[in-house]
1. Using the Cα centre of the chain as the reference point, and only Cβ charges (+1 on K/R, -1 on D/E), how large is the resulting charge dipole? Debye, rounded to the nearest 20.
2. Quick one: compute the contact order of the chain, relative version, from alpha carbon pairs under 8 angstrom and 6+ residues apart, as a percent.
3. If we count GluC sites (Glu not before Pro) as exposed when they sit in a DSSP loop and have at most 15 other beta carbons within 10 Å, what is the longest stretch of the chain that avoids them all?
4. Restricting to DSSP loop positions (anything but H, G, I, E, B) with no more than 12 other Cβ atoms inside 10 Å of their own Cβ, which trypsin sites (Lys or Arg not before Pro) remain in the stretch 127-215?
5. In the set (i) 89, 52, 23; (ii) 53, 49, 45; (iii) 54, 45, 25, which value of Cα extents along the principal axes in Å was calculated from the structure you see?
6. Could you tell me the extents of the stretch 169-215's C-alpha atoms along the three principal axes, largest first, rounded to whole Å?
7. Specify which residue in the list 211, 105, 51 is farthest towards the positive end of the charge dipole of the chain, using unit charges on the beta carbon of Lys, Arg (+1) and Asp, Glu (-1), about the Cα centre.
8. Over the stretch 169-215, what is the relative contact order in whole percent, taking alpha-carbon pairs under 8 Å and six or more residues apart?
Amino acid sequence: MHDHPALDDYEWPTCPCGRQLRNEELGRVACRLCQERVDQALRQLPGPDGLYAQLATRLVPGRGGDGPIVAVSRTAPLPLRLEPLSLIARGGVVTILQTWLIDWHEHLGWRHPRWEGGLQQQLDQVVHALRVNLEWAATEHPAFGDFVQEVTSLVRQCERQITGERPERPIAVACPCGTVLRVTVSTPGARCRGCATQYDRSEVLDLPLAQRAAA
């Protein structure tokens, strides 16, 4: 009889979303589904009809979603909705995506990327550059899971400002180790901070509510 402790302790590689990597995905950081999901999210942002451009039409109160347009005086200053403004302005969507691209350039040993034009043009440029290098990032970048979560969260925020949809309420669930995780119904997966267990979407939503677990 020969014991094989190494085989017994082996854990199949998983994507940050919690899915086990397929044979053809071994050696990658993330699965193809996550790569396709973030690519789809990025494609929604650029261009004259993209989510980023549409945010500018939601700055005036009363113009969110398909609701009625509120009449305002031509002489009075227009109040602006802070939520879409924070996404459009420097420090919002464009800056966050540029920060990721700078990080990717540093990992690849490339020069700092250059930005040209206004924020809309810079948004179009950075989205194009991220998509061009998406295959590399999904294969090798150690924080690709964080990138997916941040980009998809940004896109959901943009969509909510345009449609008027309310943000998802976080749900507190309890890991068996006792750590409380805060997730939403669209959470793709989560890693427990206490025991490092990785849950996929269905597993994390099956965890008991924190309040009930503590009862």
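We did not get these values from a lab; they are worked out from the coordinates using the rules stated. Values in this document were obtained by computation on a predicted structure and should not be read as measured data. Backbone-built Cβ (ideal geometry, glycine too); neighbour counts: all protein chains shown.
1. Numbers: 23 positive and 25 negative charges, 225 e Å.
Result for the chain is approximately 1080 debye, rounded to the nearest 20.
2. Reported relative contact order: 24 percent.
3. No qualifying site falls inside 12-115, the longest such stretch.
4. Of the trypsin sites (Lys or Arg not before Pro), the ones in loops of the stretch 127-215 whose Cβ has at most 12 other Cβ atoms within 10 Å are 193.
5. (i)
6. 27, 24, 14
7. Of 211, 105, 51, it is 51.
8. Value for the stretch 169-215: 37 percent.
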